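Working notes for the structure below.
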Amino acid sequence: MSMLLDIRRLSVSYASEHGPLQAVRNIDLTLEKGQVLGLVGESGSGKSTLVSALLTLLPPGAQASGQVIYQGQDLLQMSPAQRRGLRGNGIATVSQDPFTALNPVVTIGKQLVAFQHHKPGSKAEKAARALAMLERVGLSDPATRMRQYPHELSGGIRQRVAIAAALLTEPALLIADEPTTALDATTEMQIVALLRESRDVVDAAILFVTHDLHLVGSLCDHVAVMYAGEMVEAGPVAQVFAAPRHPYTQALLACDPARIVTPTRTLPFIPGHVPPPTAARLGCPFQPRCSHAFGPCASEALPTTPLPFGGMVRCHKVTAHA
Ligand SMILES: Nc1ncnc2c1ncn2[C@@H]1O[C@H](COP(=O)(O)OP(=O)(O)OP(=O)(O)O)[C@@H](O)[C@H]1O
Ligand code: NI
């Protein structure tokens, strides 16, 4: 497999009255062609900030440093024009709220044709492709859907249309940031199944952002775990789920409702709080909540330990026992 995305020492800070908010801290992350990577972490861990940085969509006042190398080019160094070209032709996104991707006053059909603006072919050919794609994402009566407006569709159908729109651009990277949060559990599983199939429709890598480890298990082959802006563990899902090394990953897995009794849609619960992004940081961010914490955890910079099958973990306890 070849490298598609190579994030190196990425840090992002937002400006605030109380000084800079360090939302993403020194993250290394890679994504290979064809991989489906789940990015997990509790609310506020910096997942969406990382996604905004790699889409170069950070708000004014935010600062990113490091490198985001996509198909050999550093996105952080590209001109806005270069990035626009790329976004239409390489990276596609599906967000939590498909309304943000769809224009409320234009029919679905017209929008799906417009999404292909940089692709060759006549309008009629593009409309035919749109129709076929709507069928492919599992919509009944796609011809009627083409004539409808976004508000005429249910949330689940809108999300399918948004995925169809993304796939029509034939992306090499599909980024889905909590695409199922607004949906009921049944529709959620249907959308996850659809995303799983999408990797065959186009030859895309998928970055799937969620706080739900259960969804990661059913969709992803790799997982990266963030905590308070830092990457704490990453690796193939099979390895990480079978033998999580970081106490935070262990706690998240232990809290996964699907692994306990009947699945619920509540967030995992670990006692304590995520440190605020304003805090100056020494040692491990999880230390105050960690039952395994010892000497160096509160004061010494986190070591990175490589794991078999390309994984890694950042934990003093792991290094001490290595
Ligand atoms: N535009 C912004 N300005 C200032 N601070 C921000 C901004 N966006 C996010 N933050 C802060 O950055 C930190 C990381 O937020 P982010 O949204 O990236 O986390 P997340 O992991 O995506 O959380 P969630 O699961 O809730 O979506 C949080 O402390 C958040 O309050
Ligand atoms: Ni988010």
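Quick rundown of the values:
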| item | result |
| --- | --- |
| P(r) weight above 14 Å for the range 38-97, C-alpha pairs, percent | 61 |
| Nonlocal amide H pairs with ALA301, under 5 Å, H built at 1.01 Å | GLY283 |
| Extended-chain gain in nm, criterion 0.36 nm per residue less alpha-carbon gap, ASP74 and GLU17 | 17.5 nm |
| Neighbour net charge for VAL318 - beta-carbon separation under 14 angstrom, K R +1, D E -1 | +1 |
| Length gained when the stretch GLN63-PHE309 is fully extended (0.36 nm per residue, less Cα-Cα span) | 85.2 nm |
| Residue with peak Gaussian network fluctuation, the chain [Cα springs, cutoff 10 Å], from ASP256, ASP200, ASP177 | ASP200 |
| Cα-based Rg and Dmax for the chain, where Dmax is the largest Cα-Cα distance (Å) | 20.4, 68 |
| Stretchable slack from THR186 to GLN82, in nm (0.36 nm times residue separation minus alpha-carbon distance) | 33.5 nm |
| Cβ-Cβ FRET estimate between ASN26 and MET3, R0 fixed at 25 Å, reported to 0.05 | 0.80 |
| Under the Karplus curve 6.51 cos²θ - 1.76 cosθ + 1.60, θ = phi - 60°, whole-Hz ³J(HN,Hα) for the range 8-13, x wherever Gly or Pro sits | 10, 6, 7, 10, 9, 10 |
| Overall Cα dimensions of the range 138-221 - principal axes, largest extent first, Å | 37, 28, 17 |
| Amide proton proximity set for ILE206, modelled H, under 5 Å, gap of 5+ | GLN35, VAL36, LEU37, LEU174 |
| Efficiency of FRET from Cβ geometry, ASP203 and ALA243, R₀ 30 Å, rounded to 0.05 | 0.45 |
| Förster radius 25 Å - calculated FRET efficiency between VAL106 and GLU135, Cβ distance, rounded to 0.05 | 0.75 |
| Karplus-derived HN-Hα couplings along the range 112-126 (A = 6.51, B = -1.76, C = 1.60, θ = phi - 60°), whole Hz, x at Gly and Pro | 5, 5, 4, 4, 9, 4, 8, 9, x, x, 7, 4, 5, 5, 5 |
| Hits among aspartates and glutamates - C-alpha to C-alpha of LYS119 under 17 Å, sequence gap 8 or more where chains match | GLU170, ASP203 |
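A short reminder: the numbers here are calculations on the coordinates, not readings from a lab. These numbers come from a predicted model, not from an experiment. Here the Cβ is made from the backbone with ideal geometry for all residues, glycine too, and neighbour counts use every protein chain on show.
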